[in-house]
Structures are given as structure tokens and as C-alpha cells.
Amino acid sequence: MKSLAIFASGSGTNAENIIRYFSNSEFFKVAIVLSNKQGAGVHERAKKLNVPSISFSKEAFESGEAILDILKTYQIDFIVLAGFMSKIADNLLAAYPHKIINIHPALLPKFGGKGMYGMHVHRAVIASGETKSGISIHYIDEHYDEGPIIFQAECPVFADDTPESLCERIHQLEHKWYPEIIEKVLTD
Ligand code: GAR
């Protein structure tokens, strides 16, 4: 059995979807959820599904030491970022080479980089007049949104889309693909 940690900062719809997907797996389980936001919705979702969730300060994530300790305690093999809005410390990257993946709500390398997260991304996509957007699942490296891409899927952007309507379409793609791609990466 391989154990996964999910890092999330927001509502946690992806985290919930991933926990549910693996809940009957013989091979993989979500052992813990870590967050840099104490009041984030992801904690309620994890609790409902009986997965422990813990908050750490921004400083703790930046230093990485306390995070490494907890990952060791829970014997974590692989880390999934699902709407995680803090930087991953270098020591964490070194301890989990090619074992940390992220999902980005646009077609990287477009609309990536610092400040490009959540609704900011959808607003920028609409403002630029793009006719398609999508999701990118990629390995994490020391630069924001620049690690090797594992998978992308596209969806249309309609002329009358709002950031909210585009966000919903993107979430549907994320929920469809992220668990499957995680499983594939863990299995290959
Ligand atoms: C997701 O759309 C994810 O792609 C995005 O945050 C959202 C979290 O939604 N991540 C980023 O923007 C990272 N740069 P959720 O809390 O409902 O899972």
C-alpha cells in the first residue's frame, strides 16, 4: 500500500474527489491532508471522509522541516497538490524527487507563474480572448508551474463565459482526470 498526502489551501473539491477515488483501493490511500489555511473548506471535507488534516503556518511550509517530520510519521510515499497556494520547500523537493505533482487550471506554459492561481487564472484567460483553456498536471520543480507536464486536457472558452462559468468547466475536467492520472503515475 502506497500512502499519499494531499496539500490544499482552499475549498478542497479536488482533495475530496481524490480521497473518494482511492477509498476502496488496495494499493493507494490518502493518509493525510496538509494545509497552510486553518479555516480552509478542505478540512471539513477530509473530516467527513475520516482523513486527518493538519494546518501548518506559511513559515513551516517555507522551512519544510516540520512538514518532512509529519510526512515521515505518516510514511508518505507521494504528494499531490490540489489547490495548494504556498511554495514547496527545497528540502521537500529533495526528499520527494519526481514524487510531487500539481494541477494547474489552464494550459501551461500559458497562464502560469507567480500570482496565477484559482480565479486569477480564469479571469486572465477570458481577458486575453482565448477560445480554449484546460488543465495541466505536472511534476513540481523549484519554479512555479514549470515542472515537466504529465497530462493536459482542453475545454472551450465561450464568448459569454464568466470566470465563474469557466471555473466550473475546469473543475469538471479536474475531477474527471486528476485521480486517474495520479493512479497512472503511481502505477507506471
Ligand atoms: C483548482 O482549480 C486548481 O487547479 C487550482 O486551484 C483550484 C482548487 O480548487 N490550483 C491552482 O490554481 C494552482 N496554481 P479546489 O479547492 O476546489 O480543489
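The values are calculated or read from the model by the stated rules, or taken from the named source; none is laboratory data. Being a predicted model, the structure only gives us computed values, none of them experimental. Don't worry about glycine lacking a Cβ; one is built from the backbone with ideal geometry, like all the others, and counts go over all protein chains shown.
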Item to complete: Those residues that are more than 16 Å from the ligand (Cβ to nearest atom) and either outside any loop (DSSP other than H, G, I, E, B) or out of contact with any strand residue (DSSP E or B) (no Cβ under 9 Å at 6 or more places or on another chain) (or both), I need them from segment 73-95; list them, please.
Response: Thr73, Phe78, Ala89, Asp90, Asn91, Leu92, Leu93, Ala94, Ala95
Worksheet entry | Close pairs (6 angstrom Cβ cut-off, 6 or more residues apart or separate chains): in a helix (DSSP H, G or I) in segment 41-64, among the charged types (D, E, K, R) and at pLDDT 95 or above anywhere | Arg45/Glu16
Worksheet entry | Residue identified as over 22 Å from Pro52 (Cα atoms) and either β-branched (Val, Ile, Thr) or surrounded by 16 or more Cβ atoms within 10 Å (Cβ to Cβ) (or both) among Phe111, Phe78 | Phe111
Discussion item. Looking only at segment 10-21, filter to residues that are crowded, with 21+ Cβ neighbours inside 10 Å and touching a residue at least 60 places away in the same chain (Cβ under 8 Å); which one of those is farthest from the ligand (Cβ to nearest atom)?
Written reply: Ile18
Discussion item. For segment 53-96, give me the residue count where each residue is under 24 Å from Lys176 (Cα atoms) and not aliphatic (A, V, I, L, M).
Written reply: 5
Worksheet item: Given the conditions (1) more than 12 Å from Phe84 (Cβ to Cβ); (2) more than 13 Å from the ligand (Cβ to nearest atom), which single one is not true for Leu34?
Response: (1)
Item to complete: Determine whether Tyr144 is aromatic (Phe, Trp, Tyr), within 13 Å of the ligand (Cβ to nearest atom), at negative phi and assigned to a loop (DSSP other than H, G, I, E, B).
Response: yes
Worksheet item: Does Ile126 count as part of a helix (DSSP H, G or I), more than 26 Å from Glu62 (Cβ to Cβ), at pLDDT 95 or above and touching a Ser or Thr at 6+ places or on another chain (Cβ under 7 Å)?
Response: no
Fill in: Residues satisfying the stated conditions in segment 117-141, i.e. near the ligand (Cβ under 9 Å from one of its atoms) and in contact with a helix residue (DSSP H, G or I) (Cβ under 7 Å, 6 or more places away or on another chain)
Met119, His122, Ile135
Fill in: Among (1) more than 20 Å from Asp145 (Cβ to Cβ); (2) surrounded by fewer than 17 Cβ atoms within 10 Å (Cβ to Cβ); (3) more than 16 Å from the ligand (Cβ to nearest atom) - the single one Ala60 does not satisfy
(2)
Fill in: Filter result (within 21 Å of Leu166 (Cα to Cα) and either out of contact with any Asp or Glu (no Cβ under 8 Å at 6 or more places or on another chain) or in a strand (DSSP E or B) (or both)) within segment 96-109
Asn102, Ile103, His104, Ala106
